[in-house]
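S.K.: Before we start, here is the structure in question, set down as structure tokens.
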Amino acid sequence: MPKPLVTLAWIAASCAYLLIVLGAVVRITSSGMGCGDHWPLCNGHLFPPLDDSRTVIEWSHRLVASLVSVLVIGMVALGWRRVWVALALLVVQILLGAVTVKTGLTPVMVILHLATAMLLLAALIVAARPGRRSPLLLGLTFITVLFGALTANLGAIASCGAFPLCNGQIIPSAGPLAWVQWTHRLLAYSLAGYLIWLVVRSADRRAWGLLAIVVLQIAIAATMIQLGFPGALQAAHAAVGAGVWAAVVITTVRPAADPAAAAAASPLDPTLPDTH
Ligand code: HEM
């Protein structure tokens, strides 16, 4: 595979990551309407006056989205068929983004938007680094992230106080929103437990790395809850959350052309007999 294209795919993946983090910053700072209900223009302009922080945030989000679009379309135009999935997701993402603005940020649209963004990030990483992944690890992480988006967008942050339990309860009695956040937490704890099991079983350095970032994410969540959800920690939780997803997509891989990795027996490699 031509190296410049692989480099382009990594750049596009980095921009897609930045796009996800900026999307969370848009939500945390309530900047979703920073460009009014105009799309693709921003307050009626291609280059709007940047005299309001919300306009700056929403417009930066759209600017990085444009950059990702140019990179993906460019790679397709260069004849790289491996990026077709990313292109399809990009089209869905742009349409969802437009509908989200027009419908006034309904939770379902915001969640679909985040899910597609995560899949786009994964598709670009896979284009840059093809190979087989562990479906269990990918699935568990993806669902954890989706329940995080539900927690953030359904207004379920205040429903579960305290850490690690939900209002000190193993079975929360505070209603459906508490259950949404509690499910997100239980999935995160399961992911951590599964990675601990992988570390104990294989002493694989890749599993150690994933466990480290998940433990960091849980520590950020605990601090965020104890301190009453400061915006900086909410943004950090969103950034590291997307980082966990990217790390899982990057790490649970056995590059097809890499014989050394192929030979390395590891439970993270789904092609081996002791798979999970
Ligand atoms: C593997 C671990 C975890 C991952 C990958 C993860 C991921 C995420 C993601 C992607 C979001 C949505 C961010 C956004 O769209 O703005 C989120 C939100 C949230 N997560 Fe997690 N999370 C993890 C662990 C936890 C844990 C252990 C807790 C609680 C103890 C927690 C509590 C929350 C809360 C309260 C929100 C809503 C925050 C907000 O509204 O900004 N998360 N999480």
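The values are calculated or read from the model by the stated rules, or taken from the named source; none is laboratory data. Everything quoted here is computed from the prediction, not taken from an experiment. Note: ideal-geometry Cβ built from the backbone for every residue, glycine included; neighbour counts use all protein chains shown.
S.K.: Out of Val56, Val26, Val72, which single residue is modelled with pLDDT of 95 or more, under 19 Å from the mean Cα position of the chain (by Cα) and not assigned by TED's automatic domain parsing to the domain that holds Thr144?
M.R.: Val72
S.K.: State whether one or more residues within the stretch 87-96 are among the small types (Gly, Ala, Ser) and in contact (Cβ under 8 Å) with a residue 60 or more places away in the chain.
M.R.: Checked against the condition, which is being among the small types (Gly, Ala, Ser) and in contact (Cβ under 8 Å) with a residue 60 or more places away in the chain, the stretch 87-96 yields no hits at all.
S.K.: May I pose another question? Going through Val240, Val244, Val249 one at a time, which residue ends up being near the ligand (Cβ under 7 Å from one of its atoms), under 28 Å from Thr29 (Cβ atoms) and in contact with a helix residue (DSSP H, G or I) (Cβ under 8 Å, 6 or more places away or on another chain)?
M.R.: Just one listed residue meets the conditions, Val244.
S.K.: How many of the residues in the stretch 98-143 are without any contact (Cβ under 8 Å) to a residue 60 or more places away in the chain and closer than 30 Å to Val6 by Cβ?
M.R.: Total meeting the criteria: 8.
S.K.: Can you tell which of Cys35, Cys15 is outside any helix (DSSP H, G or I) and buried (at least 20 other Cβ atoms within 10 Å of the Cβ)?
M.R.: None of the other options fit; the residue is Cys35.
S.K.: Of all residues in the stretch 164-181 being surrounded by 15 or more Cβ atoms within 10 Å (Cβ to Cβ) and within 9 Å of the ligand (Cβ to nearest atom), which is nearest to Thr251 (Cα to Cα)?
M.R.: Gln181
S.K.: Next question. Kindly evaluate Gly139 against the criterion of being assigned to a helix (DSSP H, G or I) and within 14 Å of the ligand (Cβ to nearest atom).
M.R.: So Gly139 passes the test.
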